[in-house]
Amino acid sequence: KDNCLFHFSPKDGSKAPKAEYIFSYFSILLIVFVFLYFIPSDVFALSVTNRFKNNDPNEPWNISADEINHDRNTNIYTASGNVVISKKDTRLSADFVRFDNNASTAFAQGNVLMKAGEDILSGASLDVDLKSETGIIHEGTVFIKENNFHISGGNIEKTGENSYAAEEATVSTCDGETPDWKITGKKLKINIEGYGTINDATFWTKKMPVVYIPFFVFPAKFKRQSGLLSPEIAQSDRKGIEYNQPYFWAINENTDATFYTHYMSERGEKAGFEYRYLSSAESKGTVMFDFLDDRKRDDGAGDSSKKWGYEDDKSLRPNSDRYWFRMKNDQKMPFGFNAKVDLDFVSDQDYLHEFRDGYNGFESTESYYKKYFGREIDNYDDPVRINRLNLSKNWSSFTLNAETRWYDNVINRRWSDTDNTLHKQPVIEFNSTKQQISGTPLYTDLDSEYTNFYRKDGTSGHRIDLYPRVYLPYRFKNFFTFEPSLGFRHTTWYIDPSGIDRTKKETTNRELFDVKLDLSTELFGVFKIDSEQVESVKHSIKPQIVYNYIPNEEQTDYPYFDSIDRIAKNNLITYSLTNTFTSRSLPGTISGSGEKKEEKPSYAYNEFLRIKVEQSFNINEENRKDGRPFSPVYGELKLSPIKYITLSTDATWSTYDNWFVTRNASGTLSDGRGDSLSTEYRFARDSIESLLLILNIKIFDNLLLKADHELNIQDNKRIKTGFGFLYTAQCWSVDLRYADEVDDTKYSFMVNLTGLGGLGN
């Protein structure tokens, strides 16, 4: 015992548990129908580790069995009957095991099961060299928990530290003796962090072969790897047959890129690329660019506008050179500054209408930038695209923002001889939060801004706007709060004398003051609830009256760039009433810190109902003969009583016309099964009335029905109708969709194999 690698323990004779063995991690390429692709490991990846690095001489193996024998001359141990050998996270069980202590080799036979970590290998017999980390299992099966991979073969051999081979191999991510899909081959070879090959590869569904490929190559890496991604395939009225093939390039650990080749039988070939880098959470960037030499033009000839244009667009699109460049970048700078860049240039006003969906379309781009940068891009139907460079720094009570903004007006740029689009190059803002003036009951804040306005054609100039405000808050016990404040605004303009507007002075000044009186109080009551889910409900009522006064000042002689240049007179009283209902759930307990631990109640709060009503009275309008001093009554309601119900609605009602000026509503009803109904209604008098419905119904556990319908009620026109089915099995899924829009009809069929990727989005 003192001179061997084993420690012995008695065995009780019970049935030996199954043993587990780690083979390797590897990836496999999708073969569906007639497509063959190299798929990078960010689509799927199986890690492989050296599971036999347990031959540390300081760490003994432990063996238990019904019977154990040791030959001192050869230093070989033989064990039979419910044999279990273990060391760290490796455990081998079999009916019979022979271990050569000198050569560090082992042979196991009968119900062989080896476990290393969470991965399992089983077979009829096993030969393994623990020193060189090579071995072979006969009639073996490997289960790799990551991605649920099942690998089986007549012989599975570990030929080196990172290389493997198998004969009569089968690969699948499906459970069961007859998997839903599998890939078989005569001979399988894998080099970890390299590639794998299969000879005579066949893709099966259940017991039926689907496609045969004589020689199949796939990546077997756990790091990101360059290669072809799954394509998008579609057919539509405007584009014809579509095939969008992306290629992923893993440049290094911090950067990667994707290239797209998008074939459209009606329009031509669109090329695109994305470049991404990530240095830290504060320093990252993504650049995207697409280009298309379009075969079709909206030049007004014949029915070109109907076929290739858009109804909500009054401009033609005669160009064939079409592109979209967009970029967002965040960069951490020295001295606590942060820089942000947003770029967005598009060739024509129709491009983003045309390419809203797909890998590199508008919707996926918008979703990506919103998710990873927290900033959206201008809507697809907006012909003016904002481009900006921002430099900012935050202190505890102050903020500094310096930004240059260039608004790319697509229509003016391409089709107009003049461009009066207004740019801000730069705008610098320095603001302070509300803070107390030391040693006094007064508080103050500051908004300040310098802007250089530039137009290619039209008036350009500079503006400085300073707007400090002083507050004197007063609270009378617990009855009410009264806060008067006085604001003073000084604005200076300098007009560029080279501009075309000669009617304005080069330098102009304006001083304005305003007064605000804010009176509010809060009444509340707490009601005990006899419920297992809710302990109590707090009802809070907050009435508030705010008076705003801005004197009347003639401002027509001042330059006009934006709303700051025209501050309208104001003599307004606004009164509101806000009701909130907040529930408190029954408490749990949390432990205090320090040596002495105390149990304190931990409550969950939910503001499940909020109701607000507000109206204003304009004193200036009261003095006019035909004035309407009362503003429309504004009301809003937000309701979320339980996890599966949310409702939000607001409206403005004219007391003079006895009708709505605006009304909006949105809500979601769902359940724990996966069913949901979402609706969004929008109405603005003489402007828009629309309805959007989204329905998800879980017909069976694996089958989901998805439908959506958007309607322009005002014009009685359907905007979009779509429906589809998503079937999700244990190791594969199928997504069928149909979408009928005003300008296009599209069908899509997507298949995904778990762990391998798929065809489609």
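The values are calculated or read from the model by the stated rules, or taken from the named source; none is laboratory data. As the structure is a computational prediction, the values presented were derived from the model and not from experiment. Backbone-built Cβ (ideal geometry, glycine too); neighbour counts: all protein chains shown. For the accessible areas, the whole protein counts, side chains as well, though only heavy atoms, and no ligand, DNA or RNA atoms are used. Shrake-Rupley method; radii C 1.70, N 1.55, O 1.52, S 1.80 Å.
HN-Hα J couplings of the stretch 476-483 from phi, Karplus 6.51/-1.76/1.60, θ = phi - 60°, integer Hz, Gly and Pro as x?
9, 6, 10, 8, 7, 10, 10, 9
How about the stretch 603-635: which chymotrypsin sites (Phe, Trp or Tyr not before Pro) there lie in a loop by DSSP and see at most 13 other Cβ atoms within 10 Å?
TYR603
Among the trypsin sites (Lys or Arg not before Pro) in the stretch 425-533, which ones are in a DSSP loop with at most 10 other Cβ atoms within 10 Å of the Cβ? Mind listing them?
Answer in residue order: LYS477, ARG502.
How far apart, in nm, are two points set 7 Å out from the Cα along the Cα-to-Cβ line at GLN331 and at ASP303?
5.2 nm
Let me test this: with uniform point scatterers at the alpha carbons of the chain, what is the Debye-based log₁₀ I(q)/I(0) at q = 0.08, 0.10 1/Å?
For the requested q values the scattering log ratios are -1.00, -1.29.
Let's test the formula: R0 of 51 Å, r as the Cβ-Cβ distance of TYR263 and LYS131. What FRET efficiency results, to the nearest 0.05?
0.40
So how far apart, in nm, are the two label points at TYR372 and PHE291 if each is 7 Å from Cα heading toward Cβ?
2.3 nm
What number, in percent, do you get for the relative contact order of the stretch 331-425 if the mean sequence gap of Cα pairs under 8 Å and at least 6 apart is divided by its residue count?
Across the stretch 331-425, relative contact order equals 28 percent.
To the nearest 10 degrees, how steep is helix 362-373 against the longest Cα principal axis of the chain, on a 0 to 90 scale?
90 degrees
Which of GLY724, SER687, LEU711 sits closest to the plus end of the dipole of the stretch 678-761, meaning its Cα is farthest towards the positive end, when Lys and Arg get +1 and Asp and Glu get -1 on the C-beta?
Towards the positive end, the residue furthest out is GLY724.
Given a Förster distance of 25 angstrom, what is the FRET efficiency for ASN75 paired with ASN155, based on the Cβ-Cβ distance and rounded to 0.05?
0.30
Compute the distance in nm between two label points, each set 7 Å from the Cα along the Cα-to-Cβ direction, one at LEU695 and one at ASN664.
Taking the simple label geometry, LEU695 and ASN664 are separated by 2.6 nm.
Going by average Cβ density within 10 Å per residue, which order do the peptides 548-557, 235-244 take, highest to lowest?
Packing order, densest peptide first, comes out as 235-244, 548-557.
Heavy atoms only, 1.4 Å probe, whole protein assembly: order HIS353, HIS138, HIS70 by accessible area, highest first.
These residues rank, largest area first, as HIS70, HIS138, HIS353.
Around TYR738, what is the net charge, scoring Lys/Arg as +1 and Asp/Glu as -1 over all other residues with Cβ under 15 Å from its Cβ?
So the surrounding residues net to -3.
Under the 0.36 nm per residue contour assumption, what length would be gained going from the current alpha-carbon distance of GLN533 and PHE488 to full extension?
11.0 nm
Please work out the C-alpha center-to-center distance from the stretch 521-565 to the stretch 619-687 and express it in whole Å.
17 Å
Counting other Cβ atoms within 10 Å, which GluC sites (Glu not before Pro) in the stretch 369-439 have at most 14 and lie in a DSSP loop?
The qualifying sites are GLU376.
Run the numbers for LEU523 and SER279: contour at 0.36 nm per residue of separation, minus the present Cα-Cα distance, in nm.
Length gained, LEU523 through SER279: 82.7 nm.
Among the listed pairs LYS371/LYS643; LYS371/LYS569; LYS207/LYS698; LYS239/LYS328; LYS270/LYS328; LYS370/LYS643, give every one whose C-alpha distance is greater than 32 Å.
Result: LYS371/LYS569 exceed 32 Å.
For the chain, what does the accessible surface come to per residue with a 1.4 Å probe? Please give it in Å².
Spelled out: the 1.4 Å probe surface of the chain, per residue, equals 53 Å².
Calculate the FRET efficiency for ASP715 and SER320 from the Cβ-Cβ distance with a Förster distance of 30 Å, rounded to the nearest 0.05.
0.40
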